[in-house]
Each structure stands twice: as C-alpha cells, then as structure tokens.
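Here's the structure we're looking at; comments come further down.
We did not get these values from a lab; they are worked out from the coordinates using the rules stated. Just so we're clear, the structure is a prediction, and the values are computed from it rather than from any experiment. Methodologically, a virtual Cβ is constructed for each residue, glycine included, from the backbone with ideal geometry; neighbour enumeration extends over all protein chains shown.
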Amino acid sequence: MDRLRRLDPILIQAVIAAALSFAHIHDIAEAAGQGGWKAWAYPVSVDLLLVVAWRRMRTRGDAAGWFWFLTAMAASLGANVATSGTMDLANPPTWLRVVVAGWPAIAFLGGTLLVHSNRAEKLAATGTSELLPVEPQEPAGEPAEEPEEEADPEPLKEPETTDEAPFLVSYADAADAVDVAPETVRGWAAQGKIQRYQGPTPKSVLVDLRECKTVKNRRLAGV
C-alpha cells in the first residue's frame, strides 16, 4: 500500500503530461489544416511511434531505435513549443503545413521498419519461415531394432506329391482348426513337434494340419 501511494503522484503527473502533449499536437495539426478526426489521429501516430521506438531501444538499443525515438520526440516537442505563443497558429507558415501533411508517411515508415525488421531478424535467427509452416521434428532417438528372425530348427521341406502328402496350411489356419493360438502352433514347429514346409513365397511357412491335430490330441491326453 505504501509503495502504491508513492507511485500515485508520478502516475498523475504522467497522465497530465500525456494529455497536454496530446492536446498540443492536435492543436498544431488543426492549425495546419488537418481538421476533424484527422487532427486527433496525429497525436496518436506520434505517441505510438514514440512507444514502439522506446521498446526497440530497451530490447535492442540499436541505431534504428534511437533514430525513430528522436524523430518522434522532436515531433512531440516541436508541437508543444509551437503552441507556447511563439508561432501565430491563426496564420501558420507554409513549412509547418508541409511537415504536418508529410508526418503520416514518416510515422508509417518508422513503425513498419521498427516492427517488421525486428520480427524478420527473429525469424532469421531461428531459421524459420513466416510463409511456410514448420513441421515439428521428432526427437532423434536410437534406430528401431529390427525383430530378430526366428532361427530355423531345421531346413524347410518341399511339399510332397505322394498320396500321403501333408495337408499344408498356415500357422493362423492351423491354429483356428485346432482351437489354439497361432503362437502355440509356431512353438510346436520351433520345438520340432511338427514339420515346417516351404510356402508359395520364400518367406512363407506352412505346417501339416494333421500333425497339428495329432499334437493337440496328445496334449489333451497328457502325453
């Protein structure tokens, strides 16, 4: 509470000074032939350029911030001095009309350079583009390990063409036929309980459905 009381006079003084400066710039613009809403827009453009340049000075402290801060300060100070009675505002000189008429272009140029040049430098520093969206990159990790191929307990046999040829099916079909999980049939083949045969493709494996049924019956019988 004590700190707020100490700040109150400073805040009141700042508000009064800003209001007087705002009114002086308005009076100069109006005297130079800029009437209506345009006369009120002039002090807004001066104060906004002053604020943007001041922020640039605080964050960067470069020459551009100082240049446009001094330019806005000169415009504000000049308008305040001109309303002190040293100039006949009823008959303003031609140069004042020219300066007031050209100020919007100057303020627009200064604000644009301060805002967009700072943003462009930030984008360049981060290596991003404003036009193209940057896709998030996944964190680099260790390459995924490829699953180890199951070692063949014995070479695959080619299907026989005799009358006693096995009834060859895939692991999944054999599992469905004998009502077990495909991993169980694969385990039987790995343990040598059933024979594995070469399928129609180099990487396909087939098993004899009759052998699977025999192994299943032995399990049920507890053999």
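Once phi is turned into ³J(HN,Hα) by the Karplus curve 6.51 cos²θ - 1.76 cosθ + 1.60 with θ = phi - 60°, what whole-Hz value does each residue of region 191-196 show in order, with x for glycine and proline?
7, x, 6, 10, 8, 9
Can you give the net charge of the other residues whose Cβ lies under 11 Å from the Cβ of TRP66, counting K and R as +1 and D and E as -1?
Values: positive: ARG56, ARG60; negative: ASP62.
Every neighbour counted, the sum reads +1.
Extending each Cα 7 Å along its Cβ direction at MET87 and ARG219, get the distance between those two points in nm, one decimal.
10.1
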